[in-house]
Each structure stands twice: as C-alpha cells, then as structure tokens.
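Note sheet for the following structure.
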Amino acid sequence: MAQYVGFSTKDACKPRTTNAVGGIDNGVGGIRQPIVWGKKYRLTDTQLVTEDFLNALNIPLGSKVGQPGFGTKVWSFIFEPNTSDVQFQLENEIFRVAAQDPRIILNSVKAFPKENGILLEVELAINPFNQPELISIFFNSATNTATFI
C-alpha cells in the first residue's frame, strides 16, 4: 500500500513518545531505530486525511490566528430553513473547504436536516489512493461540533 507523508492534526495536543525499543540498560534508540527529533507526523492512510477534513469543518471561518480564510461557514446554516437555495450554498461551502486541502478529491455532497443539526453525506477520495468512500458527518447544534457517524 502506498504511503502519503504530510501533516496531520491528530493527537496534536497529546505528549509525544519515541516508541523506540529499549536497548542495553533500557536506553532508547539504537542502530536500527534511531531517534529522529523534529518529525511530528506521518500520514499513512485515508482515515487521517478524513480526520483533518473533519477538523477543518469544526473551525469557524476567521477564527484561526493568521489565516482568516481558513474554516467554514457551515455553522451559520444550522438554523436556516431547509430550502434548495440553502442546501446549494451549504454544498458549495463544503466544496470550498475541501478545495483547501490538495489531498482530497470531493465527488459529491448531500445535505439533510436532522433533529438537532445537519447531516452531510460526502463522497470523497484521497489523492494518492483514489479509492472513493462515503462518509457521514453530523453537525450538532447542541454541542457545536461536527462528528463522523
């Protein structure tokens, strides 16, 4: 399976470990597994890229420091009436957010109203793998979070 090396926001706030095997006197590192400082993340599958996409959908537009164009306006559509115009604007907003990440190929977006928010069914493929998959994302207005279903 091909590997994609890049940046990921998964577990960015958790302490990092070297995961090195203990050597003589329980030391870390060695000839086969040296410690490489400064390398934070390594993307190896589509799940990490879809989690990055979900993280981008959780950030309101303009709230990221130094990047006012990063984020999404999806949260402003939560309490709007379910008309075809609002659905079209919502789908365009998802396409705009996906276009900011060059790893994501977005095929289709369908939006449905649900009891406390919006349910999105997104068909996407990850650039080096090109295997389409269908993911469901629920925007919950009670907790102001987007989660996978």
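A few comments on the model shown:
- Near ILE104, the amide H atoms lying under 5 Å from its own belong to ASN127; only residues 5 or more places off or on other chains count, and H is placed 1.01 Å from N.
- Think of the range 46-148 as a dipole: +1 on every Lys or Arg Cβ, -1 on every Asp or Glu Cβ, centred on the Cα centre; then among LEU54, ASN82, ILE118, LEU54 lies furthest on the positive end.
- Based on the Stokes-Einstein relation at 37 °C and a viscosity of 0.692 mPa s, and on the Kirkwood radius from alpha carbon pairs, the range 46-148 is assigned a translational diffusion coefficient of 237 µm²/s.
- The relative contact order of the range 46-148, computed from alpha carbon pairs under 8 Å that lie at least 6 residues apart in sequence, is 20 percent.
Each reported figure results from applying straightforward, stated rules to the coordinates on display, with no laboratory input. As the structure is a prediction and not an experimental result, all values here were calculated from the model. Every residue, glycine as well, gets a Cβ built from its backbone with ideal geometry; the counts of neighbours run over all protein chains shown.
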